[in-house]
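Below you'll find the structure, written out as structure tokens, and then a few comments.
The values are calculated or read from the model by the stated rules, or taken from the named source; none is laboratory data. Everything numeric here is computed off the predicted structure, so don't read it as measured data. Note that we place each Cβ from the backbone using ideal geometry, even for glycine, and neighbour counts take in every protein chain shown. What goes into the accessible areas is simple: the full protein's heavy atoms, side chains included, and nothing from ligands, DNA or RNA. Shrake-Rupley method; radii C 1.70, N 1.55, O 1.52, S 1.80 Å.
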Protein chains: 2
Amino acid sequence: MCEQNVYLLQNGREELVMEAVDVIDPEGENGYRVVGIFGDQKIIRGRLRHMSLVEHRIVFQAEGEEDCA
Amino acid sequence: MCEQNVYLLQNGREELVMEAVDVIDPEGENGYRVVGIFGDQKIIRGRLRHMSLVEHRIVFQAEGEEDCA
């Protein structure tokens, strides 16, 4: 099974948005639609921060969240 | 094996950028660094267009490429 877990970095913490994600599509200017293998959907506002597919991790960063350099 | 294949939509065609991708990170304002499981790296200029993880497909769209509505 090659689905990924999607996290959102918000207020300095990574929150799990959805497990077993299949599809991710852009949604508007600053968002993404995340669709699970069972068809459940969520909209994330933010941008892609990091993907590590071998670790099953896709991390988005909420708008306004500071970059940690 | 849960790595993904990364494609770039450019001039109306999808070109395979890299197979067996592990990591994708933002690189500058409009780019992404794509890293394979063996450490090979490429920089893509463009934005995320579609991910279908069950199909092992991650598609980026080159800057200036028209959206097909």
### Query
Would it be correct to say that A:Q41 is open to solvent by less than 30 Å² (accessible area, probe 1.4 Å) and either modelled with pLDDT under 95 or over 13 Å from B:M51 (Cα atoms) (or both)?
no
### Message
Can you tell me how many residues within segment A:1-30 are under 15 Å from A:E63 (Cα atoms), at pLDDT below 95 and open to solvent by less than 30 Å² (accessible area, probe 1.4 Å)?
### Response
0
## Note on the structure
Checked segment A:1-26 for anything within 11 Å of another protein chain (Cβ to nearest Cβ) and not in a strand (DSSP E or B); matches are A:M1, A:C2, A:E3
### Task
State all residues of segment B:49-69 that are modelled with pLDDT of 80 or more and either farther than 20 Å from B:E3 by Cα or outside any loop (DSSP other than H, G, I, E, B) (or both); if no residue qualifies, say none.
B:R49, B:H50, B:M51, B:S52, B:R57, B:I58, B:V59, B:F60, B:Q61, B:A62, B:E63
### Message
Condition first: free of Cβ contacts under 8 Å to residues at least 24 places away in the same chain and hydroxyl-bearing (S, T, Y). Now tell me which residues in segment B:17-69 satisfy that.
### Response
B:S52
### Query
Do we have B:E29 as more than 24 Å from A:V21 (Cβ to Cβ) and within 13 Å of chain A (Cβ to nearest Cβ) here?
yes
### Message
So, in segment B:44-69, how many residues would count as being open to solvent by 70 Å² or more (accessible area, probe 1.4 Å), within 18 Å of A:G28 (Cα to Cα) and more than 11 Å from every other protein chain (Cβ to nearest Cβ)?
### Response
5
